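Down below is the structure, laid out as structure tokens.
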Amino acid sequence: MTEPPPPQQPESPQPPPPEPPLYIHTRREPFEHGLIPLQKLIFTDPTLTLTSLRDKLLQHPCCHPKHHSINSSVFAESLQISQEHARLVFEIISSVHHHDLDLVVNDNNEANDGDNCANVNVNVYDLVVFLYIQSYKRLLPKSGHRDSAAVADVWPSTSAFDGFLSALTPLQLARSNVRRAMPSQADEEAHQLSYIQKHLGNILSLLADHVEGQGEGEDSLVLTMESLEHLSFLMYFGEKGSNRIPLSQNAPFFANSDPDMPAAPVPASQVHDWIEQNISSTLEHISERAAVKENGSSNASDQDAMMADAYANTPKASAGSKSSSYIEGISKQSYVKQPSELKSSFVKIINCHESVIYLLAPMKYVTVYGCSDATIVLGAVGKAVRIEHCERVHVISAAKRICIANCRECVYYLGVNQQPLIVGDNHKLQVAPYNTFYPQLEEHMKEVGIVASVNRWDEPIALGLVDPHDSISHPAGVSDCQTESATHLEPDQFTNFMIPNWFEGEDGPGSTQKNPFLLPDVYLSSQQKNDKNLVDVKQILKESQLEDYRKRELTTALHVYFKDWLYASGSVRQLYCLQGEQ
């Protein structure tokens, strides 16, 4: 008789895999879209100046007692700057804030009784953090380019400015002619983290409260959970593409706090040590991954992919995560991206030349950098567009706001809700009203909060010639000069830009059948005149009593002239590319 097999022991459950460590990251928005070249916002002693300003604003009669918010008029009065510049500061804070804030203007609220307390408000603590980082110096662009041979013939190229540039200072001349490559996202984040680490004590002191009877030193400073949340303007926990965890939710001294029972304040020094330790861990993490890539691959651009911000090294867009998409190195092509291909909050178009690029999607932030001889059509950008170091580029954009820096011979066709900002060393820029549409445009504009009834394309604000946030040194006094502003495109040069209808979006046929932004009368009249001329020419040709061989000669001549125009304008390449997409 065989013995029954021994009972099998139940397998012990496998422990779940360990959670990946959460690293602290900078928010790119304030560093990439929130710096303003205004000398009055850059202080010799920012801690002392901003502490005094904070206290002054908090004590102002118009400061909201619960939300600690003030309006731009109070800010202008307190810092002695113009109303226009104060409003600009508030608009930019709104565009880079970690919450989706929109400035609210309510002329009928109870506070608007003539005492300059109109309801356009920003939190005082957010404001002083924003003002403090105006001392940040951007990472210098890299000289050269990964594929420098491919772009050497297009950037920088000869220009109508070559004669003018000789009149500039040697420094300005050098800056205008250096081929610039944007630093990798990993390098930029390490640079931003190092800046915060260096200035962390000062920033925390602006958010902290004093404990009575503890003197005036660091030991007297404490931070509440609410105060720490204002540091989320600059940083968060998480990985690229994942949900962002606010600092207070990951802080051991505030974890599991009862919402109905506010957590007790903690010493600022304790918060400082905790954040500094996390920054050091992230910097070490970035350095280790960079070293691995350097040892294992010769392709330096892989460093960004490891940081989960893919940086394409081929003429294609790449979206390594939900956090950003890069479109780099497009040359002599037409290129199209739609919503399903741009699942990101950031889009960067870098070093593209002699091309037409369509991004027909709702987006939050777009940067166009180092492009030349290109047409770039941006769908709907709900936060901010930045165009930098571009030459002979046409940009067509519906956006909440736009900043133009260090560009030359560019034309901007804009539907913008806020005044265009022009900074840096610019030459021969032109602005014009928005001039196109595609079927999903109005749906995309509604999704990101762009209002078609407001278009301030013709109200640019020109600031400093030299950006004090550049790491390069500048000659004394140059920063006080105002940059060259943009002129209005002549109405007789204004034309509609037609987007081919086979680029219809994947989310339905769309309801937009015309330009949603109203054209100013002078541009509308010019457009109607051109349309009438075209109709008249067609009618003349139709009614012309020509013999058959004369008609053939006329048709041949028209084809020749049209073909010459296609080649002279570079549009023939676009035509071939678009035909290939069918």
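The values are calculated or read from the model by the stated rules, or taken from the named source; none is laboratory data. The structure presented is a predicted model; accordingly, all values stated were derived computationally and were not measured. All Cβ positions, glycine included, derive from the backbone under ideal geometry; neighbour counts span all protein chains shown. Just so you know, the surface numbers come from the protein's heavy atoms only, side chains and all, with ligands and any DNA or RNA stripped out. Shrake-Rupley method; radii C 1.70, N 1.55, O 1.52, S 1.80 Å.
Spot the failing condition for Lys56; the list is (1) within 26 Å of Tyr136 (Cβ to Cβ); (2) more than 30 Å from the chain's Cα centre (by Cα); (3) buried (at least 17 other Cβ atoms within 10 Å of the Cβ), and only one is missed.
Of (1) within 26 Å of Tyr136 (Cβ to Cβ); (2) more than 30 Å from the chain's Cα centre (by Cα); (3) buried (at least 17 other Cβ atoms within 10 Å of the Cβ), only one is false for Lys56: (3).
Any residue in segment 261-283 that is modelled with pLDDT under 80, out of contact with any His (no Cβ under 9 Å at 6 or more places or on another chain) and open to solvent by 40 Å² or more (accessible area, probe 1.4 Å)?
yes
For segment 33-48, what are the residues that are open to solvent by 50 Å² or more (accessible area, probe 1.4 Å) and part of a helix (DSSP H, G or I)?
If the condition is that a residue be open to solvent by 50 Å² or more (accessible area, probe 1.4 Å) and part of a helix (DSSP H, G or I), then Gln39, Lys40, Leu48 are the ones that fit.
Go through segment 51-99 and count every residue that is under 30 Å from Asn243 (Cα atoms) and among the small types (Gly, Ala, Ser).
3
Within segment 188-211, can you find the residues that are within 16 Å of Leu53 (Cα to Cα) and either among the polar types (S, T, N, Q) or crowded, with 16+ Cβ neighbours inside 10 Å (or both)?
Asn202, Ile203, Leu204, Ser205, Leu206, Leu207, Ala208
Go through segment 351-370 and count every residue that is over 14 Å from Ser334 (Cα atoms) and over 13 Å from the mean Cα position of the chain (by Cα).
Here the count works out to 4.
Looking for something β-branched (Val, Ile, Thr), at pLDDT 70 or above and under 24 Å from Asn435 (Cα atoms) - is there at least one such residue anywhere in segment 547-570?
Looking for residues that are β-branched (Val, Ile, Thr), at pLDDT 70 or above and under 24 Å from Asn435 (Cα atoms), one finds none in segment 547-570, hence no.
Scanning segment 503-519 for residues that are farther than 12 Å from Leu441 by Cα and open to solvent by 40 Å² or more (accessible area, probe 1.4 Å), which turns out modelled with the lowest pLDDT?
Looking at the filtered set, the residue picked out is Glu506.
Mind counting the residues in segment 363-395 that are open to solvent by less than 10 Å² (accessible area, probe 1.4 Å) and in a loop (DSSP other than H, G, I, E, B)?
Of the residues in that region, 5 qualify.
Taking helices (runs of 4 or more DSSP H) that do not extend beyond segment 135-244, which have at least 1 residues that are modelled with pLDDT of 80 or more and closer than 20 Å to His25 by Cα?
185-207, 225-229
For segment 407-433, what are the residues that are of a type in the set (S, T, N, Q) and in contact (Cβ under 8 Å) with a residue 60 or more places away in the chain?
Gln418, Gln419, Asn426
Suppose the filter is over 30 Å from the mean Cα position of the chain (by Cα), surrounded by fewer than 19 Cβ atoms within 10 Å (Cβ to Cβ), at pLDDT 90 or above and not small (Gly, Ala, Ser); does His64 pass it?
Considered against the rule, which asks whether it is over 30 Å from the mean Cα position of the chain (by Cα), surrounded by fewer than 19 Cβ atoms within 10 Å (Cβ to Cβ), at pLDDT 90 or above and not small (Gly, Ala, Ser), His64 comes out as no.
Select from segment 355-372 the residues that are over 19 Å from Gln338 (Cα atoms) and in contact with a strand residue (DSSP E or B) (Cβ under 6 Å, 6 or more places away or on another chain) and list them in ascending order.
Tyr369, Gly370, Ser372
How do the pairs read when you match residues in segment 515-529 that are free of Cβ contacts under 8 Å to residues at least 60 places away in the same chain and within 22 Å of Asn417 (Cβ to Cβ) with residues anywhere that are outside any helix (DSSP H, G or I) and open to solvent by 30 Å² or more (accessible area, probe 1.4 Å), using Cβ under 9 Å and keeping only pairs 6 or more apart or on different chains?
Leu524/Leu518
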